[in-house]
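A short reminder: the numbers here are calculations on the coordinates, not readings from a lab. Since the model is a prediction, treat every value here as computed from it, not as a measurement. Positions of Cβ are generated from backbone atoms using ideal geometry, with glycine treated the same way; all protein chains shown enter the neighbour counts.
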Amino acid sequence: DAGVIQSPRHEVTEMGQEVTLRCKPISGHDYLFWYRQTMMRGLELLIYFNNNVPIDDSGMPEDRFSAKMPNASFSTLKIQPSEPRDSAVYFCASMSGGAHNEQFFGPGTRLTVL
Amino acid sequence: GQQLNQSPQSMFIQEGEDVSMNCTSSSIFNTWLWYKQDPGEGPVLLIALYKAGELTSNGRLTAQFGITRKDSFLNISASIPSDVGIYFCAGQHANFGNEKLTFGTGTRLTIIP
């Protein structure tokens, strides 16, 4: 089975540019999570969806960040305009729901904003 | 955001040695998960624990859900080079929504040749 798929794996952009990160969750999973990982702050939950509906976006740092999930097999995280402090690794994870809370992570997108 | 207290922060051991790390919280958790992250990759789930006192093994890995529901440990026996990486605990807080996980700060494991 394919795991969580993220693209691109690496992104280098200049400050002020728009950045779009993409995620395909594991088929059949009802939940999708976006995380950001930095050395200083560790793993931070940004937003998560249940059945394509955003449930909790309290971790989204600023209005420059937005996330969508137009269907069960695709989600995007957009940063517009990007800033150097947005440089981090962004992970997408999915979960089937039900009694267990096991989240499965994608390989991540390493974002560098110059 | 909230993080679990995970210790030690780093470990330097020789191949073949046993490893022990733990996570503690001031709050009660319903679920404890242990993940391993290799460089350049996402965290991979190693073990999941769902009941207080539960002891679960996965090969050379053993983890326990503390009886107070506020802690968990992970042991690795007879370490090998591929055990190198960062280990994270994660818990589902009893008083929050079922879906969200709180993560530990990680334990970086290095094996000295």
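Things worth noting here:
- The strands (runs of 3 or more DSSP E) found wholly in the stretch A:1-86 and carrying at least 3 residues that are within 27 Å of residue B:106 (Cα to Cα) and either more than 10 Å from the chain's Cα centre (by Cα) or not hydroxyl-bearing (Ser, Thr, Tyr) (or both) occupy A:5-7, A:10-13, A:19-24, A:31-38, A:42-50.
- Residue that is farthest from residue A:13 (Cα to Cα) [pool: residues in the stretch A:45-94 that are among the charged types (D, E, K, R) and buried (at least 17 other Cβ atoms within 10 Å of the Cβ)]: A:56
- Of all the residues in the stretch A:87-114, those that are away from every other protein chain (no Cβ under 14 Å) and either acidic (Asp, Glu) or assigned to a loop (DSSP other than H, G, I, E, B) (or both) number 2.
- Which listed residue is facing another protein chain (nearest Cβ under 9 Å), touching a residue at least 24 places away in the same chain (Cβ under 8 Å) and of a type in the set (D, E, K, R), from A:9, A:36, A:41, A:22: A:9
- Filter result (farther than 23 Å from residue A:89 by Cβ, within 14 Å of another protein chain (Cβ to nearest Cβ) and either in contact with a Ser or Thr (Cβ under 9 Å, 6 or more places away or on another chain) or in contact (Cβ under 8 Å) with a residue 60 or more places away in the chain (or both)) within the stretch B:37-71: B:47, B:48, B:49, B:50, B:56, B:63, B:65
- If you filter the stretch B:72-84 down to residues that are of a type outside the set (Val, Ile, Thr) and farther than 15 Å from residue B:113 by Cα, you find that the one that is surrounded by the most Cβ atoms within 10 Å (Cβ to Cβ) is B:72.
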